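Colleague: This is the structure I have questions about; it appears just below.
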Amino acid sequence: MSVVLTVIAVIVVALALAWFAAPLWLWSLGVIAGLAALSLDGSIPWIGWGIALPVLLILNVRPLRRALLSNRLLVWFRSVLPPLSETEQVALDAGNTWWDAELFTGRPDWKKLLEAPAARLTEEEQAFIDGPVDEFCKLLDDWKITAEDKDLPPEAWDFIRKHKLFGMIIPKEYGGLEFSALANSTIVMKIATRSLTAGVTVMVPNSLGPGELLTHYGTDEQKKYYLPRLANGEEIPCFALTSPWAGSDAGGIPDIGIVCEGEYNGRKTLGFRVSWDKRYITLAPVATVLGMAFKAYDPNGLLGDKKSLGITLALIPTDMPGVEIGNRANPLDAAFMNGTTRGKDVFIPMDMLIGGQEYIGQGWKMLMNCLSAGRAISLPALGTGAGKISSRMTGAYSRIRKQFRVPIGRFEGVEEALTRIAGLTYRMDAMRRVTAAAIDMGNKPSVLSAILKYHATEGMRQVLNDAMDIHGGRGVILGPRNYLGRAYQGIPIAITVEGANILTRSMIIFGQGAIRCHPFLLRELEAAYDTDQARARINFDRALFSHIGFTISNAVRALVMGLTGSLFVSAPAAGPLTGYYRQFSRMSSAFTFLADVTLLILGGELKRKEKLSARFGDVLSHLYMGSTVLKTFEDSGRPAADLPMAEWALQDSLFEIQKAMEEILQNYPSRFLAPLLKFLVLPFGRPYKRPNDRLGRKVADILLEPSEARDRLTRGAFINRDPQDPIGRMEVAFEKVLASEPIEAKLVKALKARLDVNNLEDTLKHGVAEGVITEAEAQTVREGWQATFEAILTDEFTPEQYREFGVVRDAAPKQKTA
């Protein structure tokens, strides 16, 4: 019996050491104590000491450990590492990490997340959103913009200039608004709920482009000249990166510039002779200044011995000789300005390079550093905006539109789609706000920006698909009354730009996240690529053995939490969501352990296992998105009315994490290890289920009834009550139908009548005559039915109008002449 107890005690101590990631010296003391206890019990022969002590000696004496173990492993590690290109190195160095790194520890410190500043707009920013941004939205008629004018109205362009909507990220000292990332995101989001064209037009100059690049890297002269002019709209910028031969592979751009002497403003000077062919460039057709990326070469050695100088950025006036602004492109009938630009042997003096001559060859680094934050602001704003307006309008439509005398929102099939719309919108807004706040703290989270870009635009795709399914013909028929169609058409635009979603999911999220966020992997890589051998061996040894202890700890944590359901894991006292913190801690440990083992098995080969990488990326993404939901609910004061949406989003993320892990293990490169790994991370199989129907009904109901929760979910969308406006028309109908419903119920009960469009007036008169309702109540019902008709009505066009809009050519029959 004493032997059994001793063995149990040794196991418990070993598990405790692993759970708390004890240092090697403490492990060594534990091994010695365990050996002593087992030897005294006679459980193992004393010869065990002869094996254990040499091993402990090797592990604890670092010079000996390096000589016998880590130096040899370093040689092997270097042999299996793929070469790291300059563009890959720059991408890895860009930006920084934030909560994503905490998730990669396997033991996230929730206190750190919850104590981070909540997302808050300043009074100045809120006033600007409630004032000028609202006024701007009122100027926009999206159908007229997209179908008739193919452009924003002149008064909208004037408004952009007057209120400096192109200068949100430009410092005040240069005449800009210098708004926070949260304000930038919120403004773009609100405008996009009114018009995708206007949203993209305002978004681009405030994202990756000349304004941001000049702010961070421009010379004093460039800042003083250009930033005030960009802020007030005197200059309209565009940035040209993509070419016919290079899209996501920006490092493969064929556009080149050769160092040479040339003449500019009547004097000889050193510069580049640049040729380019760019396309898909937003604002190019109206741009006055062209930001451009090209590969710089110095074949004649005018700048030194180096011939290939790398990607370089320039800022070129579009009226320079040789600069060609080509024809407009038509991005799925969205009317924002987009087109081509070309140039052949255009001479650019050195002072047109962004940052001047000292930034030659650093263009990729400059772009990646700006993109690491910008990608987390603009496109997530578009995606969240689509969710908010879909939630508001689809909920209202589902309440006023009836089939079989029942609001369609009460049908379970529609209810299921409404649930997804509301739940995904809540999650998109949570990650948008939390990440914007992190950027405003000074972070540039490159991995998180990729997560936001992918999941906000995929969320946009899902909510708009669901909204269109519910609206049916009301959403399909384009025209002035349609508030969904153009956003639906624009989904692929958001999916494609700033890193196509397929690429982002399969190569970037986990591909960069594993290296940037892992506490030891980047240090191991840096040691492997270090040319100073002595330093490399010391650093690799430290990182390697820390990494080994880290992996063992997460294996134990994942198993113990899996066996216990995470019941004994510490978590913040977060009211109804406390248990979710424990589950996300468990999945963080499981994910980190599984990723570590996979990296060990595949090494650099993981780079080519894109499906596997994509699934790991899904886990990391949902760990982060779930974290933002937890923080948002806490920062909001734990409103009980929002709890169904928060729980739905969290349960959905946990299920998606589980699903991705199962798919990883089903397709694991080592079939021998897969069952063992599954036992460690999912010992009892599937612990998580999709949100159930009861919870889904609570979420859908939020969209079908007026409430603070509904208003919070859709806060930031442009909403009005103008009955002649497509959004206002639905808002008015929603209010009038809700007022009419109890009166209709009273009539039906008293008169045993069924109301329909054919007997409505007679039934109302009968009800008034019988004293069941008053004339005022009868009028309320009439207004509700009329408002419903106006709200569900779709547009129709004559053949002549079709031709005017360019929808159909020669559709009308031609008359014969005599």
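The values are calculated or read from the model by the stated rules, or taken from the named source; none is laboratory data. Quick caveat: nothing in here was measured; it's all calculated off a predicted structure. Glycine also receives a Cβ, built like all others from the backbone with ideal geometry; neighbour counts cover every protein chain displayed. Ligands, DNA and RNA are stripped out before the accessible areas are found, and what is left, the full protein with its side chains, is counted by its heavy atoms. Shrake-Rupley method; radii C 1.70, N 1.55, O 1.52, S 1.80 Å.
Colleague: Quick check on my filter: what residues within region 757-771 are touching a Ser or Thr at 6+ places or on another chain (Cβ under 8 Å) and open to solvent by 70 Å² or more (accessible area, probe 1.4 Å)?
Modeller: Taking region 757-771 as the starting set, the residues that turn out to be touching a Ser or Thr at 6+ places or on another chain (Cβ under 8 Å) are 768.
Residues satisfying the conditions do not exist here.
Colleague: What's the total number of residues in region 276-293 that are open to solvent by 30 Å² or more (accessible area, probe 1.4 Å) and either over 26 Å from the mean Cα position of the chain (by Cα) or more than 23 Å from ILE258 (Cα to Cα) (or both)? Give the steps one after another, and end with the answer.
Modeller: If we filter region 276-293 for residues that are open to solvent by 30 Å² or more (accessible area, probe 1.4 Å), which is where we start, we get 277, 279-280, 285-286, 288.
With either over 26 Å from the mean Cα position of the chain (by Cα) or more than 23 Å from ILE258 (Cα to Cα) (or both) added as a condition, the list becomes 277, 280, 285-286, 288.
Final tally of qualifying residues: 5.
Colleague: Now for a different question. Out of ALA438, ALA422, ALA450, which single residue is within 22 Å of ALA717 (Cα to Cα), hydrophobic (A, V, I, L, M, F, W, C) and assigned to a helix (DSSP H, G or I)? Don't jump to the end; show me each part of the working.
Modeller: Details: ALA438 fails: within 22 Å of ALA717 (Cα to Cα); ALA450 fails: within 22 Å of ALA717 (Cα to Cα).
Every option except ALA422 fails the conditions.
Colleague: Would you please name the residue that is nearest to ILE470 (Cα to Cα), looking only at residues in region 483-526 that are touching a His at 6+ places or on another chain (Cβ under 9 Å) and assigned to a loop (DSSP other than H, G, I, E, B)?
Modeller: If we take residues in region 483-526 being touching a His at 6+ places or on another chain (Cβ under 9 Å) and assigned to a loop (DSSP other than H, G, I, E, B), then LEU484 is nearest to ILE470 (Cα to Cα).
Colleague: Enumerate the pairs (first residue in region 394-408 and assigned to a strand (DSSP E or B); second residue anywhere and among the small types (Gly, Ala, Ser)) with beta-carbon separation below 8 Å, excluding pairs fewer than 6 apart on the same chain, so at least 6 apart or on different chains.
Modeller: Once the first residue is assigned to a strand (DSSP E or B) and sits in region 394-408, its partners that are among the small types (Gly, Ala, Ser) give PRO407/SER398.
Colleague: Any idea which residue in region 111-151 is surrounded by the fewest Cβ atoms within 10 Å (Cβ to Cβ), counting only those that are without any contact (Cβ under 8 Å) to a residue 40 or more places away in the chain and within 19 Å of GLU178 (Cα to Cα)? Give the derivation first.
Modeller: First pass over region 111-151, keeping only residues without any contact (Cβ under 8 Å) to a residue 40 or more places away in the chain: 112, 115, 123-124, 126-127, 130-132, 135, 139.
If we keep only those that are within 19 Å of GLU178 (Cα to Cα) as well, we get 123-124, 126-127, 130-132.
Working: GLU123: 7, GLU124: 12, GLN126: 13, ALA127: 12, ASP130: 11, GLY131: 11, PRO132: 16.
Step by step, filter region 111-151, then rank; the result is GLU123.
Colleague: Then there's this: What is the one condition in (1) over 27 Å from the mean Cα position of the chain (by Cα); (2) open to solvent by 30 Å² or more (accessible area, probe 1.4 Å); (3) within 22 Å of MET368 (Cβ to Cβ) that ARG505 does not satisfy?
Modeller: ARG505 satisfies all of (1) over 27 Å from the mean Cα position of the chain (by Cα); (2) open to solvent by 30 Å² or more (accessible area, probe 1.4 Å); (3) within 22 Å of MET368 (Cβ to Cβ) except (1).
Colleague: If I filter region 547-577 down to residues being out of contact with any Ser or Thr (no Cβ under 9 Å at 6 or more places or on another chain) and open to solvent by 50 Å² or more (accessible area, probe 1.4 Å), which single residue comes out as farthest from GLY685 (Cα to Cα)?
Modeller: Of everything passing the filter in region 547-577, ALA573 is farthest from GLY685 (Cα to Cα).
Colleague: Sticking with this structure for a sec: In the list ASP109, ASP41, which residue meets the criterion of being among the acidic types (Asp, Glu), in contact with a helix residue (DSSP H, G or I) (Cβ under 8 Å, 6 or more places away or on another chain) and at pLDDT 85 or above?
Modeller: Among ASP109, ASP41, only ASP109 is among the acidic types (Asp, Glu), in contact with a helix residue (DSSP H, G or I) (Cβ under 8 Å, 6 or more places away or on another chain) and at pLDDT 85 or above.
Colleague: Next question. Anything in region 152-175 that is β-branched (Val, Ile, Thr) and open to solvent by 20 Å² or more (accessible area, probe 1.4 Å)? List them, or say none. Steps first, answer last, please.
Modeller: Initially, region 152-175 is screened for residues β-branched (Val, Ile, Thr), giving 160, 169-170.
Scanning region 152-175 gives a single hit, ILE169.
Colleague: Let me ask something else. Do we find that TYR668 is under 19 Å from TYR426 (Cα atoms) and surrounded by 18 or more Cβ atoms within 10 Å (Cβ to Cβ) in this structure? Give the steps one after another, and end with the answer.
Modeller: Values: under 19 Å from TYR426 (Cα atoms): no; surrounded by 18 or more Cβ atoms within 10 Å (Cβ to Cβ): yes.
Judged against the criteria, TYR668 is not a match.
Colleague: Taking region 683-706, which residues are within 28 Å of the chain's Cα centre (by Cα) and in a loop (DSSP other than H, G, I, E, B)? Even if it seems obvious, please write down each step before you answer.
Modeller: The initial filter retains those residues of region 683-706 that are within 28 Å of the chain's Cα centre (by Cα), namely 686-693, 695-704.
Correct list: ARG686, PRO687, TYR688, LYS689, ARG690, PRO691, ASN692.
Colleague: Quick check on region 717-729: of everything there that is open to solvent by less than 20 Å² (accessible area, probe 1.4 Å) and part of a loop (DSSP other than H, G, I, E, B), which residue is farthest from THR193 (Cα to Cα)?
Modeller: If we filter region 717-729 for residues that are open to solvent by less than 20 Å² (accessible area, probe 1.4 Å), which is where we start, we get 717-718, 725, 727-728.
From the residues that got through so far, the ones that are part of a loop (DSSP other than H, G, I, E, B) too are 717-718, 725.
Details: ALA717: 6, PHE718: 6, ASP725: 13 Å.
The selected residue is ASP725.
Colleague: For residues that are of a type in the set (A, V, I, L, M) and open to solvent by 10 Å² or more (accessible area, probe 1.4 Å), scanning just region 311-333, find the one that is nearest to THR146 (Cα to Cα).
Modeller: LEU332
Colleague: Give the residues of region 472-487 that are buried (at least 24 other Cβ atoms within 10 Å of the Cβ) and of a type outside the set (Gly, Ala, Ser), sorted by residue number.
Modeller: The initial filter retains those residues of region 472-487 that are buried (at least 24 other Cβ atoms within 10 Å of the Cβ), namely 483, 487.
Correct list: TYR483 only.
Colleague: One residue is enough: does region 676-696 have a residue meeting the conditions within 30 Å of PRO407 (Cβ to Cβ), open to solvent by 80 Å² or more (accessible area, probe 1.4 Å) and touching a residue at least 40 places away in the same chain (Cβ under 8 Å)?
Modeller: Going through region 676-696, the residues within 30 Å of PRO407 (Cβ to Cβ) turn out to be 689-696.
Right, trim to open to solvent by 80 Å² or more (accessible area, probe 1.4 Å) and you get 689-690, 693-694.
This time we only want the ones that are touching a residue at least 40 places away in the same chain (Cβ under 8 Å), so: 693.
Yes, the conditions are met somewhere in region 676-696.
Residues are listed down the side, and each one gets a yes or a no for (1) surrounded by fewer than 22 Cβ atoms within 10 Å (Cβ to Cβ); (2) hydrophobic (A, V, I, L, M, F, W, C):
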site: LYS365; (1), (2): yes, no
site: PRO380; (1), (2): no, no
site: ARG392; (1), (2): no, no
site: ALA396; (1), (2): no, yes
site: LYS402; (1), (2): yes, no
site: ILE408; (1), (2): yes, yes
site: PHE411; (1), (2): yes, yes
site: LEU418; (1), (2): no, yes
site: ALA422; (1), (2): no, yes
